[in-house]
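The values are calculated or read from the model by the stated rules, or taken from the named source; none is laboratory data. Computed from a predicted structure; not experimentally measured. Here the Cβ positions follow ideal geometry from the backbone for every residue, glycine too, while neighbour counts run over all protein chains shown. Protein only, heavy atoms only, side chains kept; ligands, DNA and RNA dropped before computing areas. Shrake-Rupley method; radii C 1.70, N 1.55, O 1.52, S 1.80 Å.
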2 protein chains.
Amino acid sequence: MTTLFPETPEFLGALYHPSRVEADVLDLEIEGTLPAAIRGAFYQVSPDPQYPPMLGQDIYFNGDGMVSAFFFEDSKVSLRRRYVKTARLLAQRREGRSLNGVYRNVHTNDPLAATNNTTANTTVLKYNGVLLALKEDALPYAMDPDTLETLGVYDWNGQISSATFTAHPKVDPATGNLLAFSYEAKGDGSPDMAYFEIAPDGQLLHEIWFQAPYAGMVHDFAVTENHVVFPIIPLTVDVERMKRGGPHFQWQPDLPQLFAVLPRKGNAADVRWFKGPANAFQGHTLNAFEENGRIHVDMPITGGNVFYFFPQEDGFVPSPETLSSSLHRWTFDLSSPNDQVEPHALNDYQCEFPRVDDRYIGRPYEHGFVLAFDPTRPYRPENGPIPFQFFNLLTHFNLRTGASDSWFAGDSECFQEPIFVPRSADAAEGDGYVIALLNHIADYASELVVLDANDMAAGPVARVKIPLRMRMSLHGSWAPAE
Amino acid sequence: MTTLFPETPEFLGALYHPSRVEADVLDLEIEGTLPAAIRGAFYQVSPDPQYPPMLGQDIYFNGDGMVSAFFFEDSKVSLRRRYVKTARLLAQRREGRSLNGVYRNVHTNDPLAATNNTTANTTVLKYNGVLLALKEDALPYAMDPDTLETLGVYDWNGQISSATFTAHPKVDPATGNLLAFSYEAKGDGSPDMAYFEIAPDGQLLHEIWFQAPYAGMVHDFAVTENHVVFPIIPLTVDVERMKRGGPHFQWQPDLPQLFAVLPRKGNAADVRWFKGPANAFQGHTLNAFEENGRIHVDMPITGGNVFYFFPQEDGFVPSPETLSSSLHRWTFDLSSPNDQVEPHALNDYQCEFPRVDDRYIGRPYEHGFVLAFDPTRPYRPENGPIPFQFFNLLTHFNLRTGASDSWFAGDSECFQEPIFVPRSADAAEGDGYVIALLNHIADYASELVVLDANDMAAGPVARVKIPLRMRMSLHGSWAPAE
């Protein structure tokens, strides 16, 4: 049994070599001045495998959830990092090795693996007094928002009966309600889906169960004042394939980009299905809103299967250079019988990990923040291709004017997903700060950069120095101080 | 108030930039095979300032003690790092800034600083169930050897009345007794010294108080079966200078290398003083032993003041390139009335941080382990001189044959102090493993390397990968599993 991680792109270099460091660092060094108005916690989580993969190889998404919390107070920042102590992690630690096989395929696990297969590695969100560590394959784990101690699986006091729970829930800015959903909601390969609306005190207000035509990945969703939209990505699930040791997901180039549109207060009979072009990949939701009976959903769309680790049946995966994901708008007209939708482009450059001013979720809005990639100034590592998730621009995109305001950090720099923090509770939309992790690839260093959203090109007003390398993360969120 | 450390050599680069990371990393990656016989804990401590210096500059030795524990079990290694929670550290954390001025000069501290000025940053030793964090300016702090939780100032249940306690105590291999001493034992500038012998159950067995002709630094000492030897380095203390804001220590080029030789069971009247050549610096003790009424003490000696931060009165400090510290033997003949001693050279290359097989402390011995520097293959950083404490060789020196067996790790590599771990409890002297931290300067990475002491040149049998940078440390020790 090796104790070394494989020398594959999934585990190599400043961005992807596992860190596994649980840490406390008080009062990080700061270059520049951190605005005192930024008070609260930035939580984020990265897949960070405790042990080298049992099968000798693995995908990035299969790492154990390592939560980082950056606590902002009095123009200072402290860092705490803890693993989510999932049943899966604890079983591995007990045995001193990985017990988990193919991603989201329990049939390939060691008999000693935990029954609960989740790594809780996709996002973290403070809600109703706990920090939820979420992954779409299971119910969340709850953690203490201050100590990051793991409290256990969180089924909302028995109210949520689904097997799974999204890692992209959204908070309705008007009510503070948590809007969430499940897919494969009755277990692996089930086409069942569920929509949940939960009150700030944790009370389940409403749930809607329905079925999709097939089980496919529903990674993110979109919410408006009265509706929710579920993008079903053409990555389908086949339990028989899983039993043969195959992957959970398989790309289906002939399937459309499918969408379910549902009134938030409706029921299963109210679901309407829309179909977009085939062989394209619906990315993360920037935002959505409704206007005169029409629902607009904005997201990056990639022209093919961006998840090379979930190939189509014949094994084909497009070469990364052929793929580009730029921002598009889908418009669903509920007054029209037409169930075909075509997205239209909002910008013309490669971007992902879109974020909005959270106070405008589901409402007409103007400001988006994205990671972007300028291919004219790419980082070219000495060996091998550009890393999977590589972004060299941190960008403010104004949807009203179409203008982009970007900061290019340098030739050997890679951003992680940003968050937006309003300058004050009543600041205008988009008036505030953009905060993101920045990896300096060449020297393995990391920083948390803080930019004024009104002038991204000026670069950071503060650089918070992190004395350890931050492995690439997935998502995170801002919890303002109470 | 800046939150950034100064851009001076004391705080710069892979070796000296403060880390400040309290961490837990379970089951570090290991390249090669870690011998299962290595079972126990390697404890070490580095000065690692919690906050940038109050005065805008500082010396390396003034950093707060950050203890690292590498736990070896079943051919695996886990890392834990915690600050010693000294009164000084807690006061700083309360105020959110450094409160301490000139090194070992309380007259320059902020009024809010803790009364106890120690950083406990020089070595760590497990003894009588606690981990002692030691610095020669105060009594030790005790820590839990497993959790590294700080338990508090440790005065040996009130038995040790000295103001200070050495960071180089030694365990007598025959009795298991702890042999220790104090200088400035009645407070800053006092010429009082004390010798202590403590039983494995913590009982003080014997103490001897005596006075030196003047207060000077006594950093390490030497022990034999029946004697102890105290090297008084020509760095003297002047409380009036300290009150004027000056340094604790000042180099005295005209003072001899002074030695007190004392029977372990004797009293103050038994002290004999010996004088060696002036303008040279007694380094760390490799070992000592007695033979026919003569006492041999082996240590590196530097031909001048190696501590550039403690200049002589006119401010002169020798340029580092002019200094060389090679291994010498002092012989004290107790049967002769002659109180002049001249060291003779044991080797001809630059070395420090000598370690012996602990089972041979104070006894005739053959094997030494040192960090050495080969100036023909130096690391040359792009900017500035060679770092203060720079060693590119890890060396086994055979005192009987005079042979040196070294491993050169590479052009951009720097070792930290090694430890020796016997292959088994009854292995021959020097038969075992040499373990040391290795800093890869160019990529800011660190490893714990494990070499077979019988074949150093072959390089490590195992490299334990550390996913964070290890700031340069001072000393450490091995605690075998019980």
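If B:ARG469 satisfies all but one of (1) in a loop (DSSP other than H, G, I, E, B); (2) touching a Pro at 6+ places or on another chain (Cβ under 6 Å), what's the number of the condition it fails?
Failing condition for B:ARG469: (2).
Condition check: in contact with a Ser or Thr (Cβ under 9 Å, 6 or more places away or on another chain), part of a loop (DSSP other than H, G, I, E, B), touching a residue at least 24 places away in the same chain (Cβ under 8 Å) and away from every other protein chain (no Cβ under 14 Å). Does B:ASP27 satisfy that? Walk me through it before giving the result.
On the way: in contact with a Ser or Thr (Cβ under 9 Å, 6 or more places away or on another chain): yes; part of a loop (DSSP other than H, G, I, E, B): yes; touching a residue at least 24 places away in the same chain (Cβ under 8 Å): yes; away from every other protein chain (no Cβ under 14 Å): no.
In short, no.
Examine segment B:340-348 for a residue that is assigned to a loop (DSSP other than H, G, I, E, B), polar (S, T, N, Q) and modelled with pLDDT of 95 or more, and state whether such a residue exists.
There is at least one residue in segment B:340-348 that is assigned to a loop (DSSP other than H, G, I, E, B), polar (S, T, N, Q) and modelled with pLDDT of 95 or more.
State the number of residues belonging to segment A:24-36 that are touching a strand residue (DSSP E or B) at 6+ places or on another chain (Cβ under 8 Å) and either farther than 23 Å from B:VAL25 by Cβ or open to solvent by 20 Å² or more (accessible area, probe 1.4 Å) (or both).
Residues in segment A:24-36 being touching a strand residue (DSSP E or B) at 6+ places or on another chain (Cβ under 8 Å) and either farther than 23 Å from B:VAL25 by Cβ or open to solvent by 20 Å² or more (accessible area, probe 1.4 Å) (or both): 9 in total.
Would you check which residues across segment B:1-13 are at the interface with chain A (Cβ under 7 Å from one of its Cβ atoms) and either buried (at least 20 other Cβ atoms within 10 Å of the Cβ) or among the polar types (S, T, N, Q) (or both) and list them?
Residues satisfying the conditions are B:THR3, B:PHE5.
Just wondering, is there one or more residues in segment B:14-23 that are open to solvent by 30 Å² or more (accessible area, probe 1.4 Å) and away from chain A (no Cβ under 11 Å)?
No.
Looking only at segment B:231-253, decide whether some residue is closer than 14 Å to B:ALA194 by Cα and either at pLDDT 95 or above or open to solvent by 50 Å² or more (accessible area, probe 1.4 Å) (or both).
Yes, segment B:231-253 contains at least one residue that is closer than 14 Å to B:ALA194 by Cα and either at pLDDT 95 or above or open to solvent by 50 Å² or more (accessible area, probe 1.4 Å) (or both).
Test A:TYR51 against the stated conditions and say whether it is within 13 Å of another protein chain (Cβ to nearest Cβ) and among the aromatic types (Phe, Trp, Tyr).
So A:TYR51 fits the description; yes.
Can you tell me how many residues within segment B:409-436 are more than 18 Å from B:GLU73 (Cα to Cα) and not in a loop (DSSP other than H, G, I, E, B)?
The total comes to 3.
Tell me which of these B:SER46 doesn't satisfy, since it passes every other one: (1) assigned to a loop (DSSP other than H, G, I, E, B); (2) touching a strand residue (DSSP E or B) at 6+ places or on another chain (Cβ under 9 Å).
Single failed check for B:SER46: (1).
Quick test of your reading of the structure: B:SER46 fulfils all but one of (1) within 30 Å of B:GLU482 (Cα to Cα); (2) open to solvent by less than 10 Å² (accessible area, probe 1.4 Å); (3) facing another protein chain (nearest Cβ under 8 Å). Name the failing condition by number.
Going through (1) within 30 Å of B:GLU482 (Cα to Cα); (2) open to solvent by less than 10 Å² (accessible area, probe 1.4 Å); (3) facing another protein chain (nearest Cβ under 8 Å) one by one, B:SER46 breaks only (3).
Answer yes if at least one residue in segment B:282-305 is open to solvent by less than 10 Å² (accessible area, probe 1.4 Å) and either among the aromatic types (Phe, Trp, Tyr) or without any contact (Cβ under 8 Å) to a residue 12 or more places away in the chain (or both), and no otherwise.
No.
When segment A:54-90 is examined, which residues are found to be within 14 Å of chain B (Cβ to nearest Cβ), buried (at least 19 other Cβ atoms within 10 Å of the Cβ) and over 22 Å from the mean Cα position of the chain (by Cα)?
A:PHE72, A:VAL77
For the list (1) within 22 Å of B:PRO173 (Cβ to Cβ); (2) open to solvent by 60 Å² or more (accessible area, probe 1.4 Å), I need the number of the one condition that B:TYR365 fails.
All conditions pass for B:TYR365, except number (2).
What number of residues within segment B:296-347 satisfy the criterion of being in contact with a Ser or Thr (Cβ under 6 Å, 6 or more places away or on another chain) and either under 16 Å from B:ILE233 (Cβ atoms) or hydroxyl-bearing (Ser, Thr, Tyr) (or both)?
5
Out of A:LEU179, A:LEU262, report the one residue that is aliphatic (A, V, I, L, M), in a strand (DSSP E or B) and either at pLDDT below 95 or over 22 Å from the mean Cα position of the chain (by Cα) (or both).
Of A:LEU179, A:LEU262, the one residue that is aliphatic (A, V, I, L, M), in a strand (DSSP E or B) and either at pLDDT below 95 or over 22 Å from the mean Cα position of the chain (by Cα) (or both) is A:LEU262.
Among the residues in segment B:391-401, are any open to solvent by 40 Å² or more (accessible area, probe 1.4 Å), without any contact (Cβ under 8 Å) to a residue 24 or more places away in the chain and over 17 Å from B:GLU429 (Cβ atoms)?
no
Quick grid of which residues meet (1) out of contact with any Lys or Arg (no Cβ under 6 Å at 6 or more places or on another chain); (2) within 14 Å of another protein chain (Cβ to nearest Cβ); (3) open to solvent by 10 Å² or more (accessible area, probe 1.4 Å):
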site: B:PHE408; (1), (2), (3): yes, no, yes
site: B:ASP411; (1), (2), (3): yes, no, yes
site: B:SER424; (1), (2), (3): yes, no, yes
site: B:TYR433; (1), (2), (3): yes, no, yes
site: B:ALA436; (1), (2), (3): yes, no, no
site: B:SER446; (1), (2), (3): no, yes, no
site: B:VAL464; (1), (2), (3): yes, yes, no
